Amino acid sequence: MKYFVGQTFIIAGLTMLSLLYPISLYQNTHSMVLLGLSITLNNIANGIGSYIWGVIIDKSKERYSFFILLPSVGMIISYLILKTSLGVIGYTILGFFSALDGPLYSVLLLEQLEAEKTVLGNVRLSQLSLAGNIIGSLLGALISDFRIMLILFLVALVLNIIFVPRYKGEIREDKKEKSKAIKDLYEALISFSMFNLSAEIFYVTYIPTLTLFRIPKYIYFLSYTFLYIINEFMYNKSVKIIKGNEIYYSFLVMSLRGIIMIFMSLITFLKINISDSIFIPFITFGSLYPLYSTSFFSLIFKNLQKNRGAILGIFNAGESFASAGGSALTALVSNNNISQAYFMGFFGFSLSFFLWLDFLNKRLNIKI
């Protein structure tokens, strides 16, 4: 797994930047509009990048230069966000280039590991990514220093130079099959997008919720730190947990997240301050995702051999554009009535639930 060690430090740097900028912006402006707008631009750029990078990887044999590009650009973006007045621009560019990470390392895994080792390899890759999330969020809680992010990206660059093999990959594009696959998966894509739109509403609204109850900033970073630690465990166990029960767990997660949305809507509407224990529904909400992701994609990509980069890019793009929609919706919510945002998220999960049900019934001929 030495090929993937550099990703841990890339993810750590990206995590620090993605968490630090929104909360700093909100604490300085107390504006839901600016918060929602900045995150929306980041998500839109990420969606565009997800599709573009997926297509580029499928069409190209080039691999090594991308592993050099990503951490190098990370250093430039860190400077823009933290050392200039162009923070919003830097945060938008961050969204575009961070979209390269997922498909790039996934294709490296597919091309460098034997087929029977790819499932375990994917779990290990997820664990290394989560290790980066943990490092980045913990450092964000303790040290908000520009130099720390430079060091993280520089270490990633050196590790990639040393360990990533200089090889030419396979061209994986098949336009005819790709068009058919997209057509067959459109309803699943919409369900997945609605799921992520609702999730984004939850994560963005968590920031003003902490401010509403006068909960200190470090709880925000520690919430993500504990979430990433738990998800490290959850990704390791999720393959065994959902095996043979993928459909059940996909619907269970949608239902539980909808319930949490209702709970958060009620406590913010009634202004019931549960103090620092606010991180409990946050961690519960977030730690359900590995079960959903593993079960969802095991059903979606079970028989997909070609165009994996492009299809994965499309789903990542759908996730990002849906997240942009979620953050944009939060921008329309008043600071004094953030319970509305949580309630919108509940309806999003409900719609995702029924679209997924219809997809399974029609496309996969599974009767629920």
| Peptides 335-343, 315-323 ordered by average Cβ neighbours within 10 Å, highest first | 315-323, 335-343
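Going down the list K59/K183; K183/K240; K183/K362; K2/K59; K83/K217, which pairs span over 23 Å between their C-alpha atoms?
On the way: K59/K183 20 Å; K183/K240 31 Å; K183/K362 13 Å; K2/K59 26 Å; K83/K217 21 Å.
Checking Cα-Cα distances, K183/K240; K2/K59 exceed 23 Å.
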| request: With an 8 Å cut-off on Cα pairs and a minimum separation of 6 or more residues, tell me the relative contact order of the chain in percent. | output: 32
| note | For the pair K59 and F146, the simple spin-label estimate (label points 7 Å beyond Cα toward Cβ) gives in nm 3.7
| field | Cα gyration tensor, segment 1-58 - rounded (a/c under 1.5), prolate or oblate | value | oblate
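Can you list which of the DSSP-assigned H helices in the chain have a Cα extent of 18 Å or more along the long axis and an average Kyte-Doolittle score of at least 0.0?
On the way: long enough: 5-29 (37 Å, 0.96); 32-59 (40 Å, 1.08); 64-83 (30 Å, 1.70); 118-142 (36 Å, 1.12); 146-163 (26 Å, 2.75); 175-212 (51 Å, 0.24); 217-242 (36 Å, 0.52); 246-269 (35 Å, 1.59); 308-331 (34 Å, 0.68); 339-362 (35 Å, 0.78).
What comes out of the filter, once short or polar helices are dropped, is 5-29, 32-59, 64-83, 118-142, 146-163, 175-212, 217-242, 246-269, 308-331, 339-362.
Working from the alpha-carbon coordinates of the chain, get Rg over Rh, Rh being the Kirkwood radius. Please report the intermediate quantities before stating the final value.
On the way: Rg = 19.8 Å, Rh = 20.8 Å.
Computed over Cα atoms, the ratio is 0.95.
For the pair D276 and S255, what calculated FRET efficiency results from E = 1/(1 + (r/R0)^6), where r is the Cβ-Cβ distance and R0 = 25 Å, to the nearest 0.05? Provide the component values of the computation, followed by the final result.
Values: r = 27 Å, r/R0 = 1.08.
Computed FRET efficiency for S255 and D276 comes out at 0.40.
Treat every Asp and Glu Cβ in the chain as -1 and every Lys and Arg Cβ as +1, leave all other atoms uncharged, and give the resulting dipole magnitude about the Cα centre to the nearest 20 debye.
On the way: 29 positive and 19 negative charges, 93 e Å.
Its charge dipole is roughly 440 debye.
For n ≥ 4 DSSP H runs only, could you compute -39500 (n - 2.57) per run for the chain, divide by its residues and tell me the 222 nm figure to the nearest 500?
On the way: 14 runs with 297 residues, N = 368.
For the chain, the value works out to -28000 deg cm²/dmol.
Just so you know, all these numbers are worked out from the coordinates, no wet-lab data involved. Keep in mind that what you see is a predicted model, and the values were worked out from it rather than measured. Backbone-built Cβ (ideal geometry, glycine too); neighbour counts: all protein chains shown.
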